[in-house]
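Participant: Handing you this structure, nothing more for now.
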Amino acid sequence: MKVEPPPIFARFFRWFAQPGLRDHIEGDLIEEYYERVRTCGKRAADWRFIIDVVLLFRPGIIRGFNLQENLNICRMHKSYWTIAWRNVRKNKGYALINVTGLAIGITVALFIGLWIYDEVSFNRYHKNYDTIAQVYACETNTTTGEIECAQNTQVPLGNTLRNNYPEYFEKVLASWWIGEFALSTPGKKFKRNGLFIEGGALEMLSLRMLKGSYESLQHPNSIVLSESTAKALFGRDDPINKTITLHGRMQARVTGVYEDIPLNSRFGELQFFAPFALWMSVNEWLHGREGDWDNRPFGYFIQLKPDVDIANVNAAIKGLYKSHVPSDFYTTVARFKPYPLLVPMSKWHLFSEFENGQPASGRITYVRIFAAVGIFVLLLACINFINLTTARSEKRSREVGVRKAIGAAKGQLVCQFMTESFVVIIISFTVSLLLLIFLRPIFNEVADKKINLPFSEISFWLSSFAFVLITTLLAGTYPAFFLSSFDALRVLKGKFTAARLSSLPRRIMVVVQFTVSVALAIGTLVVYQQIQHAQNRPVGYDRAGLLYMTLDQNYKGKVDKLRNELMRTNVLAATSTSFSPVTEIWNTTSGYDWAGKDPSLDANFAICNVSMDFGETVNWHILDGRDFSKQHATDSMDAIIINEAAARYMGMQEPVGKLLIDLDETGKKKWTRTIIGVVKDILMESPYSTVRPTLYFYNSNALNVLNMRIKPSVSVSHALSKIEDVVREVVPEAVFSYNFADDAYSKKFSQEKRIGKLSAIFAVLGMIICCLGLFGLASYVAEQRTKEIGIRKVIGASVFQLWKMLSLNFIQLVVISCAIAVPAAYFVMNGWLQRFEYRTTISIWLLVGACVSAGVVSLVTVSLQTARAARRNPVKSLRSE
Amino acid sequence: VQISPGIAPSKKTICFACRDIPTFRKQISVVKKFQLGEFEEIVILTIAILHTNAYGVSIKKEIESRLSRKVSMGALHTALVRLENKGYVRSTDGEATQERAGRPKKYFQITALGQKAMAYTKETRDHLWKLIPKAVFDIKGTEK
């Protein structure tokens, strides 16, 4: 074993001792140490050494805190700032490129940061965020084996939870669905979103009551309005105790006003809360269902007791149906393995899509995608800065040499260059704050958000400061260390060349930049292609001039008259009523039987009850058989029309004339109907999924929706005014509102379109940043090779040859980037497309197009500089020598 | 800025950091009063005894053997630093030997000022000794 003094203490001594004393005292220590090892052994010598070192730790031996104790640090920092500012001003062009690139990058990052903050803080307005949950009813789909969950639950579930698990729940509140309801006072009438929910909701949601209290919802005929709605209805008058007619048939007294809930809450769209009992009082069909485990009409919100873990509750109530549902009914549904599931408020927004019984994805995907995009765009901007700074290092090399010769330590040079980066980034940050202010309305519109700039919040400024520091580190570290590592001797002798070694990382970074931005471009194009693909999908009906009104109880008994009056105006080609509008499916049912049915099939059919003229109104295409008809008196009892998907699903080659049997839970036959026709698939649900097997029943009492088709010869505005007149005359108590099928259809694309628009913007900005960087690099290279170009020209090179020589280097990099980006983007986007059942395939032309356009754009950018350099007069560039 | 340990005193004026300037200043102010602590006196005497071979370890050994008292490295070097700061001794770098793992020795030499200080101390002591009445020792002697 090597005998030497305890290394930790030797190091400790070297660390604290004054430099002037360090070496010889250490020598003394070591000399004594070895002597002691000889005389009294290593252990004792080690101990004595340690004691000696500890005793040496005393004033007189310990060094000062700083080796340069006589330097004035303030002055030095002042000098850094001055030099940094001078450098920015001296190289205005480069500073402009740097600031523009960084400002774009930072603006994108800031907007994305605000967007993500808005998404993540969704629902946080409610103080009981951590304890609120919604009850879902889950069951296993026996065909696919997957667990499916839905918000609508059985009526007795509420009481079961309340009575059997009181230790977990603070509140269990039944509620109807958020929807539009007409609010009217004498002289005023609005449609507003509202929620019918049991008392206690105000407290659970921790609303700020401006008037009234949390008890305001207890009386069955009360209503609590949002501040803005109260203003709209009553102006400056005190709304309390005023009477409102709700939906034309409920009378309610205003008992409270709450401060509007911000829009980034599930309840943000709500303008009023009304008691659930009020809704019950006018919906007889909901009465007497306290023991009905079969239907699932409405939903429950719950608030947990504090310190209750939701996972434990979910585990505890998993067997609820088995133990509380009457066993004779449970046996009929046992194969679905039903169970209730509490979904906490934190998952409502970001994890709204369920996967096998667990909230798995949803907007969180977009949060992640955009976080990645933001980081990438910022990275692109930082790479620009790094590249331009290191490329210009030759210009600064002499300065570094001189500074080092005078005695600058490496740390000081690093500090100086970091300060320079900091100055540039602070300028860029200021610019991007201005951009943030000006572009916010546009961003809000594109992203469909109401984001305010949190300039008054300290946390915003703190995080901005941290962000600036991080960006400085990201962009400034490499150049600072690169520049300050120059060897002073070589630099001053003039032997320094911007070596090959230094240009390699730069080339790699350009490749990274272009890879990212080409990949972004491909991603954007694929999103657009998918939207286009779905929009061009055959829908099976005719959207032009098709509109619908939802009918509430006010229209009861007046629909036939209304239809007759409407037809008499001569602006409509056809009218019909149906259970749901043509763009939605509201009812799915299972439990049908037919001849030759595969016993394993047990999926839901989509159901739409329609009136006689539905087919004529929406213009569906009968492929086989016939439409409903007045000539066949049995149609109202017996007829059914199915779509292609249903025919395929049921495995029928010739479906017309076959029978469909409805079975009740016990398997007994309820009724039988004859299939009279097959229609081409009508796209009623998501344009990205396959069309569900759908059954169209003839039922003249399907009175939820009134469908109308405007004659092609009549202008839409004229037709609308006519329709409105008729509706006002026939049903004066209703609020006239309508939807065009076209609008409802295009709304289904809004999410993807928004994503497409945002990513298009980011892709374009990313490309701009890359081109800025390329522009800077090209101009630098052109400047560096001025003399070489001059000599080449004198010898006889043509402008084209020179341009080719200078540009080729850059184009090479772009080609390499494309080669990396294409497979990567293809892989990722193909994965994205798998989410859609109805999807496009990524065409090769799209990939080629993205690459070619990246190549062209970069070639043009580079050529701006290289062509100018090549055309320059050699006399001017060579004159100076 | 690194200060190399081997800079000779004459070169100090061109040293950028000039950390030794305060030393000179202190030296001037101290000249008026020769002040030697008890341990400092022992150390400076030992340096005188060792003459040309006075460096850390040898001084330490000398004191330990002659006065049979333990001397810690810390105390010794603090005293040496103080003596040097007062200008009573000066140091020169010596050779680096194997057993010191290549670290240089630092030899100490008494300066003219140091000699004066020693003489001054001795004189004051002698003067004080002389002032002691004979009887003091007698009484002590009789008591024993």
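The values are calculated or read from the model by the stated rules, or taken from the named source; none is laboratory data. Given the structure is predicted, the values throughout are model-derived calculations rather than measurements. So basically every Cβ, Gly included, is an ideal-geometry build from the backbone, and we count neighbours across all protein chains shown.
Participant: Hey, can you tell me all the residues within segment B:94-123 that are within 14 Å of chain A (Cβ to nearest Cβ) and outside any loop (DSSP other than H, G, I, E, B)?
Facilitator: Initial filter on segment B:94-123 (within 14 Å of chain A (Cβ to nearest Cβ)): B:94-108.
Across segment B:94-123, the qualifying residues are B:G94, B:E95, B:A96, B:Q98, B:E99, B:R100, B:P104, B:K105, B:K106, B:Y107, B:F108.
Participant: Scan (1) out of contact with any strand residue (DSSP E or B) (no Cβ under 7 Å at 6 or more places or on another chain); (2) modelled with pLDDT of 85 or more for the single condition A:F740 breaks and write down its number.
Facilitator: (1)
Participant: Filtering segment A:202-243 down to residues that are farther than 28 Å from A:N128 by Cβ and of a type outside the set (D, E), which residue is surrounded by the fewest Cβ atoms within 10 Å (Cβ to Cβ)?
Facilitator: As a first pass, look at segment A:202-243 and keep what is farther than 28 Å from A:N128 by Cβ: A:232-238, A:241-243.
Now narrow it down to the ones that are of a type outside the set (D, E): A:232-236, A:241-243.
On the way: A:A232: 15, A:L233: 23, A:F234: 18, A:G235: 9, A:R236: 6, A:N241: 8, A:K242: 16, A:T243: 12.
Once the filter is applied, the top-ranked residue is A:R236.
Participant: Which ones in segment B:49-83 are crowded, with 16+ Cβ neighbours inside 10 Å, more than 9 Å from chain A (Cβ to nearest Cβ) and either among the polar types (S, T, N, Q) or in contact (Cβ under 8 Å) with a residue 60 or more places away in the chain (or both)?
Facilitator: Residue satisfying the conditions is B:S58 alone.
Participant: Tell me which helices (runs of 4 or more DSSP H) are completely within segment A:254-341 and hold 1 or more residues being in contact with a helix residue (DSSP H, G or I) (Cβ under 7 Å, 6 or more places away or on another chain), or say none if there are none.
Facilitator: Numbers: elements: A:276-282, A:310-316, A:320-324, A:327-333.
Output list reads A:276-282, A:320-324, A:327-333.
Participant: Looking only at segment A:47-73, count every residue that is at pLDDT 70 or above and not small (G, A, S) and tell me the total.
Facilitator: Residues flagged as at pLDDT 70 or above and not small (G, A, S) within segment A:47-73 amount to 16.
Participant: Run A:Y136 past the list (1) out of contact with any strand residue (DSSP E or B) (no Cβ under 6 Å at 6 or more places or on another chain); (2) touching a residue at least 60 places away in the same chain (Cβ under 8 Å) and report the number of the one that doesn't hold.
Facilitator: The single condition A:Y136 does not satisfy is (1).
Participant: Taking B:S91 as meeting all but one of (1) over 22 Å from B:I42 (Cα atoms); (2) polar (S, T, N, Q); (3) at the interface with another protein chain (Cβ under 9 Å from one of its Cβ atoms), write down the number of the exception.
Facilitator: (1)
Participant: Would you point out the residue of segment A:824-839, among those that are assigned to a helix (DSSP H, G or I) and surrounded by 12 or more Cβ atoms within 10 Å (Cβ to Cβ), that is modelled with the lowest pLDDT?
Facilitator: Filtering segment A:824-839 for residues assigned to a helix (DSSP H, G or I) gives A:824-833.
Checking which are surrounded by 12 or more Cβ atoms within 10 Å (Cβ to Cβ) leaves us with A:824-826, A:828-830, A:832-833.
Values: A:A824: 93, A:A825: 92, A:Y826: 93, A:V828: 90, A:M829: 90, A:N830: 91, A:W832: 86, A:L833: 89.
Applying the filter and picking the extreme gives A:W832.
Participant: In segment A:435-456, is there at least one residue being at pLDDT below 90, more than 25 Å from A:V367 (Cα to Cα), of a type in the set (V, I, T) and surrounded by 15 or more Cβ atoms within 10 Å (Cβ to Cβ)?
Facilitator: No.
Participant: Let me ask something else about it. Mind checking whether some residue in segment A:651-662 is under 41 Å from the mean Cα position of the chain (by Cα) and of a type in the set (A, V, I, L, M)?
Facilitator: No, segment A:651-662 contains no residue that is under 41 Å from the mean Cα position of the chain (by Cα) and of a type in the set (A, V, I, L, M).
Participant: For residues that are over 20 Å from B:L76 (Cα atoms) and touching a residue at least 12 places away in the same chain (Cβ under 8 Å), scanning just segment B:91-120, find the one that is surrounded by the most Cβ atoms within 10 Å (Cβ to Cβ). Before you say what the answer is, go through the steps one by one.
Facilitator: As a first pass, look at segment B:91-120 and keep what is over 20 Å from B:L76 (Cα atoms): B:95-99, B:101-102, B:112-113, B:116, B:119-120.
If we keep only those that are touching a residue at least 12 places away in the same chain (Cβ under 8 Å) too, we end up with B:113, B:116, B:120.
On the way: B:L113: 17, B:K116: 14, B:Y120: 14.
Only one residue tops the list, namely B:L113.
Participant: Right, something else. On the basis of being free of Cβ contacts under 8 Å to residues at least 40 places away in the same chain and under 45 Å from the mean Cα position of the chain (by Cα), does A:G831 make the cut? Don't jump to the end; show me each part of the working.
Facilitator: Values: free of Cβ contacts under 8 Å to residues at least 40 places away in the same chain: yes; under 45 Å from the mean Cα position of the chain (by Cα): yes.
Spelling it out, A:G831 is indeed free of Cβ contacts under 8 Å to residues at least 40 places away in the same chain and under 45 Å from the mean Cα position of the chain (by Cα).
Participant: Show me the helices (runs of 4 or more DSSP H) entirely contained within segment A:558-648 in which 1 or more residues are modelled with pLDDT under 85 and surrounded by fewer than 19 Cβ atoms within 10 Å (Cβ to Cβ). Can you show your working first?
Facilitator: Working: elements: A:559-568, A:614-618, A:635-638.
Of the helices (runs of 4 or more DSSP H) lying wholly inside segment A:558-648, those with at least 1 residues that are modelled with pLDDT under 85 and surrounded by fewer than 19 Cβ atoms within 10 Å (Cβ to Cβ) span A:635-638.
Participant: Something else about it: Here is a list: A:S397, A:S352. Which entry is over 24 Å from A:I426 (Cβ atoms) and surrounded by fewer than 18 Cβ atoms within 10 Å (Cβ to Cβ)?
Facilitator: When all the criteria are applied, what remains is A:S352.
Participant: Under the condition of being aromatic (F, W, Y) and assigned to a loop (DSSP other than H, G, I, E, B), which residue from segment B:38-93 is farthest from A:L21 (Cα to Cα)? So that I can check it myself, show each step before the final result.
Facilitator: Pass one, segment B:38-93, residues aromatic (F, W, Y): B:39, B:55, B:88.
Keeping just the survivors that are assigned to a loop (DSSP other than H, G, I, E, B) gives B:55, B:88.
Details: B:Y55: 13, B:Y88: 17 Å.
Out of the qualifying residues, it is B:Y88.
Participant: I've got another one for you. Considering only residues that are surrounded by fewer than 19 Cβ atoms within 10 Å (Cβ to Cβ) and at the interface with chain B (Cβ under 7 Å from one of its Cβ atoms), which ones fall in segment A:21-53?
Facilitator: The one that is surrounded by fewer than 19 Cβ atoms within 10 Å (Cβ to Cβ) and at the interface with chain B (Cβ under 7 Å from one of its Cβ atoms): A:Y34.
Participant: When you scan segment A:629-684, how many residues do you find that are closer than 30 Å to A:F329 by Cβ and of a type outside the set (V, I, T)?
Facilitator: 16
Participant: When you check A:G199 against the structure, is it within 30 Å of A:Q553 (Cα to Cα) and in contact with a strand residue (DSSP E or B) (Cβ under 9 Å, 6 or more places away or on another chain), yes or no?
Facilitator: Details: within 30 Å of A:Q553 (Cα to Cα): yes; in contact with a strand residue (DSSP E or B) (Cβ under 9 Å, 6 or more places away or on another chain): yes.
Yes.
Participant: While we're here: Only one residue in A:A574, A:A521 is within 37 Å of the chain's Cα centre (by Cα) and either in contact (Cβ under 8 Å) with a residue 12 or more places away in the chain or closer than 30 Å to A:L813 by Cα (or both), so which one is that? Don't jump to the end; show me each part of the working.
Facilitator: On the way: A:A574 fails: within 37 Å of the chain's Cα centre (by Cα).
That would be A:A521, the only listed residue that is within 37 Å of the chain's Cα centre (by Cα) and either in contact (Cβ under 8 Å) with a residue 12 or more places away in the chain or closer than 30 Å to A:L813 by Cα (or both).
Participant: Oh, and also: Among helices (runs of 4 or more DSSP H) lying entirely in segment A:1-115, which contain 1 or more residues that are in contact with a Cys (Cβ under 9 Å, 6 or more places away or on another chain), farther than 30 Å from A:F443 by Cα and not aromatic (F, W, Y)?
Facilitator: Working: elements: A:7-16, A:19-40, A:42-56, A:73-90.
Correct list: A:42-56, A:73-90.
Participant: Now for a different question. For A:A10, indicate whether it is at pLDDT 85 or above and away from chain B (no Cβ under 12 Å).
Facilitator: Values: at pLDDT 85 or above: yes; away from chain B (no Cβ under 12 Å): no.
Here the answer is no, as A:A10 does not meet what is asked.
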